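Asker: Right, I'll just put the structure down here and ask away after.
The values are calculated or read from the model by the stated rules, or taken from the named source; none is laboratory data. Since we're looking at a predicted model, the values are computed, not measured. Don't worry about glycine lacking a Cβ; one is built from the backbone with ideal geometry, like all the others, and counts go over all protein chains shown.
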Amino acid sequence: MKRYFFLPIIILLFSCAEKRTPADMVILGGNIYTANKDNSMVEAVAVIDDKIVYAGNVAGVEKFKDESTQLLDLEGKTMTPGFIEGHAHFFGVGYFELDLDLMKAKNYDEIVEMVRLAAEKAEPGQWILGRGWHQDKWDHLPENMIQGFQTHDRLSAVSPNNPVALEHASGHAVQVNAKAMEIAGVNQLSKESARAISEEGGEIIRDKNGNPTGIFNELATGLIYKHMPVADDERDRQAIDLAIKACLRNGITSFHDAGVTRRNIELFRQAKRNGLLGVRLYLMLGGDDKALVHEWLKRGPEIDSTNWLTIRSIKLYCDGALGSRGAWLLEPYTDRVDFYGMSTLSMDSVVKISRLGLKNGFQVCSHAIGDRANREILDRYEIAFKENSEVIDHRFRIEHAQHLHPNDIPRFAQLGVLPAMQAVHMSSDRPWAIDRLGEKRIKDGAYMWQSLLKTGAKVINGTDAPVEPINPIASFYASVSRRTLKGEPEGGYEAEEKMTREQALISYTLDAAYGAFEEKIKGSIEVGKLADFTIFSQDIMTVEENDLLKTEVMMTVVGGKILFKK
């Protein structure tokens, strides 16, 4: 009897297997780059709910279509996996659109005029806030410069009654006016506190008479920030909304937030509960809040099964920025020969948090720009790894890894440490970085993408927004051209360190997902992964290099839903 019933059962099962649930969306009609391990292309993709159920040829997708399926015809455009912002600051992106945007100011005169206009509209005593100035990018410098920075006098003149705080593009320095320094209690007589700040990893720039010039560098910025108004819930929610819209406009479907506060986490949770996120977040706990870090180390990681909000890493701030001369160097600055930059966190703390991270399931992500900071952190990571050798897949990261000693380049792959490098920083910084480091250090160790890749390291790309604009096309262009966004120089700076286009795509998709332990659910167009896609106006993999920056994001799809359409 069993023989007679077995064949019909097989036929029935085969028929069920052949019958497909209709897809919610089918995408075809353009160049679709999967970014999988084979760097293959497909003709069509089918999506059910928020997952990819098919990626292949047009003939094969037909069985997923019926009258209810949404058909998305790319009309010759190019689709990739959703781009992942590998290192940026979510609230910073939002607040950048709320405060004075100083990034496009051509010189200090324009900044002073922006502050003057803002002061005219402000209530007495209201703080005037802005971000994005960078003295090395101005078309001319003011006459009065001290240690490479402008002074506060002109700001104070146009805003005598309103405190002004203007953050450097790097986020590692702030310029303030006399009113803000008065509120902070910083004056010619406050030299003892200035010495203490210097010892801790910060600096108040002063003139030859000991008067503060209005520039506060690294940890000294805290003297100002603690007096600035605390954001209210409404303004924070507005910042989240603006940041989400900015991400989606720019094709960003996932975002690694490099340093969040307790308050940030709660606001993100509220947005998730209300279904308002729209962008998938991977959060790094801000290491400057020791209580927050130790609370989470006891609690353990929070990995979101819905793939919207995951917390499993810790961000440590270990040195400053090159623009403010805070990056910690092995040799002194070429343009300030008495200064090496500074560490902003003790290396004992780095090894301690690294040990605890390994024991409690947390990734550690350390900010390091200078070659000494990178070496010191690699040394501390190595100590922690040897002591916790049972932890194989730690995926510790160094954020930025901009300037490396040649001896340290192979150590990333050897130790399994991921360099999270924002290629657009090279495009933006290289013209003046040579003044800070000199030609030899630039050529031997600055922005060493290809050298790192050749050793087997996985490079994670991004923009560090709002330090740079969040537009990934600019960073993709910098990755493959090593030019400024003005197209200079012809052939690129240190051209041997360019990424190929395939490497650049992977750095923004699959390897960025790997950097968050998420390569099994995102980062490539493969069956079973999340249906997150970025659709571009032209083929970023083949278009002439000179035309890459003309590329526009035409559509952003997150979880199978079109959340942005140009």
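Asker: Before we move on, is residue 384 under 18 Å from residue 460 (Cβ atoms) and either small (Gly, Ala, Ser) or buried (at least 23 other Cβ atoms within 10 Å of the Cβ) (or both)?
Answerer: No; evaluated as a whole, the condition is false for this residue.
Asker: When residues of the range 288-336 are filtered for being touching a helix residue (DSSP H, G or I) at 6+ places or on another chain (Cβ under 8 Å) and of a type in the set (Phe, Trp, Tyr), how many remain?
Answerer: The number of residues fulfilling the criteria is 3.
Here's the yes/no breakdown for (1) in contact (Cβ under 8 Å) with a residue 24 or more places away in the chain; (2) not assigned by TED's automatic domain parsing to the domain that holds residue 365; (3) not polar (S, T, N, Q):
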| position | (1), (2), (3) |
| --- | --- |
| 256 | yes, no, yes |
| 259 | yes, no, yes |
| 264 | yes, no, no |
| 274 | no, no, no |
| 298 | yes, no, yes |
| 316 | yes, no, yes |
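Asker: Looking at (1) out of contact with any Phe, Trp or Tyr (no Cβ under 9 Å at 6 or more places or on another chain); (2) over 19 Å from residue 539 (Cβ atoms), which one does residue 524 not meet, given that it meets all the others?
Answerer: In the conditions (1) out of contact with any Phe, Trp or Tyr (no Cβ under 9 Å at 6 or more places or on another chain); (2) over 19 Å from residue 539 (Cβ atoms), residue 524 misses (2) alone.
Asker: Continuing with this model, one more query. Quick check on the range 429-450. Is at least one of its residues under 21 Å from residue 332 (Cα atoms) and hydroxyl-bearing (Ser, Thr, Tyr)?
Answerer: Yes, the conditions are met somewhere in the range 429-450.
Asker: Kindly list, by first and then second residue, each pair from a residue in the range 29-50 that is free of Cβ contacts under 8 Å to residues at least 12 places away in the same chain to a residue that is part of a loop (DSSP other than H, G, I, E, B) and not acidic (Asp, Glu), limited to pairs with Cβ atoms under 7 Å and residues at least 6 apart or on different chains.
Answerer: That search, which allows pairs on different chains as well, returns 40/34; 41/34.
Asker: Could you grab the pairs with beta carbons closer than 7 Å, sequence gap of 6+ or different chains, first residue in the range 113-130 and under 15 Å from residue 183 (Cβ atoms), second one in a helix (DSSP H, G or I)?
Answerer: Going by the 7 Å Cβ cut-off, the qualifying pairs are 128/115; 128/118; 128/119.
Asker: Another question, then. Go through the range 363-412 and count every residue that is part of a helix (DSSP H, G or I), farther than 20 Å from residue 87 by Cα and acidic (Asp, Glu).
Answerer: Going through the range 363-412 one residue at a time, the tally reaches 5.
Asker: Further question: In the list 42, 58, 47, 53, which residue meets the criterion of being among the β-branched types (Val, Ile, Thr), modelled with pLDDT of 95 or more and loosely packed, with under 14 Cβ neighbours inside 10 Å?
Answerer: 58
Asker: Based on what the data block shows, is residue 278 within 20 Å of residue 420 (Cβ to Cβ), at pLDDT 95 or above and crowded, with 21+ Cβ neighbours inside 10 Å?
Answerer: Taking the combined requirement at face value, the residue does not satisfy it.
Asker: OK, next. Is there a residue being closer than 27 Å to residue 174 by Cβ, touching a Ser or Thr at 6+ places or on another chain (Cβ under 7 Å) and at pLDDT 95 or above anywhere in the range 291-309?
Answerer: Scanning the range 291-309, I find no residue that is closer than 27 Å to residue 174 by Cβ, touching a Ser or Thr at 6+ places or on another chain (Cβ under 7 Å) and at pLDDT 95 or above, so the answer is no.
Asker: May I ask you to verify whether residue 76 is closer than 24 Å to residue 473 by Cβ and crowded, with 22+ Cβ neighbours inside 10 Å?
Answerer: Against the criterion (closer than 24 Å to residue 473 by Cβ and crowded, with 22+ Cβ neighbours inside 10 Å), residue 76 does not qualify.
Asker: So which helices (runs of 4 or more DSSP H) stay within the range 29-146 end to end and still have 1 or more residues that are within 30 Å of residue 500 (Cβ to Cβ)?
Answerer: Fully inside the range 29-146 and qualifying: 58-61, 90-96.
Asker: Right, next: Kindly list the number of the only condition in (1) surrounded by fewer than 17 Cβ atoms within 10 Å (Cβ to Cβ); (2) closer than 18 Å to residue 464 by Cα; (3) not β-branched (Val, Ile, Thr) that fails for residue 143.
Answerer: In the conditions (1) surrounded by fewer than 17 Cβ atoms within 10 Å (Cβ to Cβ); (2) closer than 18 Å to residue 464 by Cα; (3) not β-branched (Val, Ile, Thr), residue 143 misses (2) alone.
Asker: Same structure again: Looking at the range 347-381 only, could you name the residues that are touching a Gly at 6+ places or on another chain (Cβ under 7 Å) and either surrounded by fewer than 21 Cβ atoms within 10 Å (Cβ to Cβ) or not assigned by TED's automatic domain parsing to the domain that holds residue 328 (or both)?
Answerer: Within the range 347-381, 360, 361 meet the criteria.
Asker: How do the pairs read when you match residues in the range 407-436 that are in contact (Cβ under 8 Å) with a residue 12 or more places away in the chain and within 20 Å of residue 315 (Cα to Cα) with residues anywhere that are hydroxyl-bearing (Ser, Thr, Tyr) and assigned to a loop (DSSP other than H, G, I, E, B), using Cβ under 7 Å and keeping only pairs 6 or more apart or on different chains?
Answerer: The qualifying pairs are 412/455; 422/463.
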